[in-house]
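Down below is the structure, laid out as C-alpha cells.
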Amino acid sequence: MIELFRTILYIPLFNGFVGLYNVIPDVGIVILILTVLVKLALYPLNTSSIKAQRSLQELQPKLEALKKKHKNNQQELAQETMKLYKEHKVNPFGSCLPLLIQLPIFISLYWVLQAGLTSDDFSMLYNFVASPEKVNPISLGMFDLSKPNIVLALLAGGAQYWQAKSLSRKRPPKAAGEGGKDESMAAMMNKQMLYFMPGITVIIGMQLPGGLSLYWFLSTLFMALQQVILAKKKDNNVPPGNTKGTGAIEGEVIS
C-alpha cells in the first residue's frame with residue numbers, strides 16, 4: 001500500500017517539483033506554481049465540498065427544529081432528517097468525501113517539500129528529469145525556506161482565519177422560530193474553526209520549514225478565494241428580495 005502511494009503520488013509530485021526547479025531555480029516560485037497546479041486539478045472536488053458544506057449550514061435551523069420536535073423518537077428523527085436532505089438535494093457526506101480524497105495528495109506534497117528543501121537525495125527522479133546538485137532553499141535572494149519562518153506561519157494562520165470567516169453563516173433571528181433560536185452547538189463549532197484552527201496553524205507552522213508554511217498559506221488562501229467566489233456567484237443568481245434561493249434567513253453573523 002505504501003509503495004503504491006509512493007508510485008502514484010509521491011514520486012510524480014517529487015519529479016514535478018524538481019522539474020519546475022530546473023526551469024525556475026527559485027524554490028518559492030516553484031512552490032507557488034505547484035500549489036496553483038494542484039488547486040486547478042482539485043478545483044471540481046473543492047467546489048463540490050464547499051457547496052455541500054454551505055448547503056448543510058443553510059439547513060441547520062431546520063435540522064435543529066427536527067431535533068426538538070422528535071427528541072424522544074430517534075427513528076422518526078432519522079427518517080425526517082433523511083427526508084429533509086432528499087428534499088433539498090443535500091448529501092450529508094458531500095463535504096467530507098472530497099476532503100478525504102485530497103488528504104493523500106496533501107500528505108504527498110508535504111513529504112515532497114520536506115525532501116526537496118532538506119534532502120539531497122534525487123534517486124527517485126525519472127530519466128528525463130535532470131538531477132540538480134542541490135535545491136537552493138533561498139527564495140527571492142533573502143528567504144531561507146528550509147528553516148521555520150514566523151511571518152509565513154502567521155500568514156498561514158491568517159489565511160486559515162479568513163477561510164473559516166468566509167464560511168461563517170448567518171444566525172437566524174428569534175422570529176425564525178424554534179430552529180432559529182437554538183444553534184449554540186453550531187455557534188461553538190464556528191468559533192472553534194474561526195479561532196482555534198488558525199492558532200493551531202500558526203503553532204505548527206512555526207515548527208515546519210518555511211517552504212511548507214508557504215505552501216500551507218497559498219493553499220488556504222486559494223481555497224478561501226474559491227469560497228468567496230462561489231458565494232458571490234450564488235448570491236448573484238438570487239433575485240433581489242428573494243431569500244428562498246439562499247436557504248438562509250437574514251440575521252447576525254456567527255463568529
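The values are calculated or read from the model by the stated rules, or taken from the named source; none is laboratory data. Computed from a predicted model, the values in this text were never measured in an experiment. Glycine also receives a Cβ, built like all others from the backbone with ideal geometry; neighbour counts cover every protein chain displayed. Ligands, DNA and RNA are stripped out before the accessible areas are found, and what is left, the full protein with its side chains, is counted by its heavy atoms. Shrake-Rupley method; radii C 1.70, N 1.55, O 1.52, S 1.80 Å.
For the reader, a short list of remarks on this structure follows.
- Test result for residue 84, in contact with a Lys or Arg (Cβ under 8 Å, 6 or more places away or on another chain), at pLDDT below 85, among the hydrophobic types (A, V, I, L, M, F, W, C) and surrounded by 15 or more Cβ atoms within 10 Å (Cβ to Cβ): yes
- Some residue of the stretch 172-185 being modelled with pLDDT of 55 or more and assigned to a helix (DSSP H, G or I): no
- With respect to the conditions (1) at positive phi; (2) modelled with pLDDT of 80 or more; (3) charged (D, E, K, R), residue 89 falls short on a single one, namely (2).
- For beta carbons closer than 8 Å, sequence separation of 6+ or different chains, a first residue in the stretch 39-65 that is touching a residue at least 60 places away in the same chain (Cβ under 8 Å) and a second that is among the basic types (Lys, Arg) and surrounded by fewer than 19 Cβ atoms within 10 Å (Cβ to Cβ), the qualifying pairs are 46/39; 54/234.
- One residue stands out among those in the stretch 136-167 that are assigned to a loop (DSSP other than H, G, I, E, B) and farther than 16 Å from residue 208 by Cα: the one that is most open to solvent (accessible area, probe 1.4 Å), which is 142.
- Considering the conditions (1) within 30 Å of residue 208 (Cβ to Cβ); (2) touching a residue at least 40 places away in the same chain (Cβ under 8 Å); (3) surrounded by fewer than 17 Cβ atoms within 10 Å (Cβ to Cβ), residue 133 is excluded by exactly one of them, (2).
- Inspection of the stretch 45-65 identifies at least one residue that is open to solvent by 90 Å² or more (accessible area, probe 1.4 Å) and over 30 Å from residue 222 (Cβ atoms).
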